[in-house]
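Here the structure comes first, spelled out in structure tokens, and everything after it is commentary.
The values are calculated or read from the model by the stated rules, or taken from the named source; none is laboratory data. What you see is a predicted model; the values in this text were computed from it and never measured. Note that we place each Cβ from the backbone using ideal geometry, even for glycine, and neighbour counts take in every protein chain shown. Just the protein is used for accessible areas: all its heavy atoms, side chains included, with ligands, DNA and RNA removed. Shrake-Rupley method; radii C 1.70, N 1.55, O 1.52, S 1.80 Å.
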Amino acid sequence: MEHKSKQTFRHTYIPLTSSTSGMGIEVKEDIYVLNTQIVNVTLAGLPNQDNFVLIDAGMPKADDEIIEAVNKRFGEGSMPKAIILTHGHFDHVGALEELLDKWDVPVYAHELEIPYLTGQKNYPEPDYKAEGGLVPDIARFFPNHGIDLGNKVQPLPADGSVPEMPGWRWIHTPGHTPGHISLYREEDGFLIAGDAFVGVKQESLYKVLTQKQEISGPPRYFTTDWKAAKDSVIRLNQLNPNFAVTGHGLPLLEEYLKKELNILASNFDEMAIPKHSIYKEEE
Ligand SMILES: [Zn+2]
Ligand SMILES: [Zn+2]
């Protein structure tokens, strides 16, 4: 019973807020990024049209903030056609249950992520050994349990298409979690990368709170398969994207993105993989 009652973030509050919390950025005319505390959610669709998708669901307790942004951008009382999850970590599904109380919309995730979203599996515990600043110390207290959406979540189509997002395809980018995905639009080279790589060094509390822009590998404290994580970054770099929105930090654009993502992909071992980790065999 105890285990079961834990499969929710309805009563979770994480007292951690960055300088850009509550800030929204229109990266392109149909892509709007909202920062909730320390994590981004993305709204894909043209403003004032009732045809948009929410990507990820923010921190616990962020539902009011997300709904407010949706009402402002798409009109009072509008709701997305679907919610797509890059993965199921608490900071990406935190407000999902409350949103689904108000919005009767389908949720999609990679089939390997579904067990964490249907109460069957918990994520491994945060990597308290991963060095580099204060967030890993705090991350010790980050919840790693899954949630139980029951039949409200379904697997993404096997053909790579993204429901309600024509022109986009999903790419399996495991490593940070087994069923982590990124979304890519070929037409303008737009990448929604989730936590495959991020735009702020997530291990530094100072940088997280100030949102200093700095490309970085996946957040260390929750990444368990570093070999897969590296392959995922290499694959995303090969797309040579023009724009990237990631789970954490400011959007990364054009020359800066191309240069920095290439550096990260070529130097992943040194730049991304922690020297100490509970998920790495120590030499
Ligand atoms: Zn994550
Ligand atoms: Zn995250």
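What is the packing order of peptides 48-56, 18-26, 241-249, taking the mean over residues of other C-beta atoms within 10 Å and listing the highest first?
The most tightly packed comes first, giving 241-249, 48-56, 18-26.
What part of the accessible area of the stretch 58-134, given as a whole %, is carbon or sulfur when the probe is 1.4 angstrom?
Carbon-and-sulfur percentage of accessible area, whole number: 48.
Mind listing the phi-derived Karplus ³J(HN,Hα) values for the stretch 223-228, rounded to whole Hz, using 6.51, -1.76 and 1.60 with θ = phi - 60°, and x for any glycine or proline?
Running phi through 6.51 cos²θ - 1.76 cosθ + 1.60 with θ = phi - 60° gives 8, 10, 10, 6, 5, 5 Hz.
Between Lys121 and Asn71, what is the label-point separation in nm under the 7 Å Cα-to-beta-carbon projection?
Label at Asn71, label at Lys121, 3.8 nm between them.
What residues have an amide H closer than 5 Å to that of Tyr108, excluding those fewer than 5 places away on the same chain, when H is modeled at 1.01 Å from N in the peptide plane?
Counting only residues 5 or more places away or on other chains, the set is Ile83, Ile84, Leu85, Gln154.
Suppose R0 equals 30 Å. What FRET efficiency, 1/(1 + (r/R0)^6) with r the Cβ-Cβ distance, do Lys152 and Glu186 give to the nearest 0.05?
0.50
Students often check this: by mean Cβ neighbours within 10 Å, which of 143-155, 179-191, 162-174 ranks highest, and how do the rest follow?
So the peptides 143-155, 179-191, 162-174, ranked by packing, come out 179-191, 162-174, 143-155.
With both partners inside the chain, how many of the DSSP beta bridges are antiparallel, as a percent to the nearest 5?
Of those bridges, close to 70 percent are antiparallel.
Go ahead and estimate [θ] at 222 nm for the chain from helices alone: -39,500 (n - 2.57) per DSSP H run with n ≥ 4, summed, over the residue count, rounded to 500. Don't skip to the end; give the middle numbers.
On the way: 10 runs with 72 residues, N = 283.
So the helix-based figure for the chain works out to -6500 deg cm²/dmol.
Calculate one ³J(HN,Hα) per residue across the stretch 259-270 by plugging θ = phi - 60° into the Karplus curve 6.51 cos²θ - 1.76 cosθ + 1.60, and present them in order as whole Hz with x for glycine and proline.
5, 6, 5, 5, 5, 5, 5, 7, 10, 4, 4, 6
Which of the lysines could a cross-linker span from Lys152 if the Cα-Cα distance has to be under 29 Å and same-chain partners fewer than 8 positions apart are dropped?
Qualifying lysines at Cα under 29 Å: Lys4, Lys6, Lys61, Lys72, Lys81, Lys102, Lys121.
Can you tell me the alpha carbon radius of gyration of the stretch 1-128 divided by the globular rule-of-thumb value 2.2 N^0.38 Å?
1.05
Looking at the chain from every direction and averaging, what is the projected area of its Cα convex hull in nm²? It would help to have the intermediate numbers written out before the result.
Values: hull surface 54.1 nm².
The directionally averaged projection comes out at 13.5 nm².
Tally Lys/Arg at +1 and Asp/Glu at -1 over every other residue whose Cβ is under 12 Å from the Cβ of Ile234; what's the total? Could you put the intermediate results ahead of the total?
On the way: positive: Lys227, Lys230, Arg235; negative: Asp231, Asp269.
Every neighbour counted, the sum reads +1.
When all C-alpha to C-alpha distances in the stretch 110-201 are sorted into bins of 5 Å, what percent of pairs does each bin hold, rounded to whole numbers?
All Cα pairs, binned at 5 Å, distribute as 3, 12, 17, 20, 19, 14, 9, 6, 0 percent.
What would the Debye formula give as log10 I(q)/I(0) at q = 0.26 Å⁻¹ for the alpha-carbon point model of the stretch 212-266, no solvent?
After summing over all Cα pairs, the log10 values are -1.16.
Over the Cα atoms of the stretch 148-216, what radius of gyration and what Dmax do you get, in Å?
Just the Cα atoms of the stretch 148-216 yield Rg and Dmax of 14.9, 41 Å.
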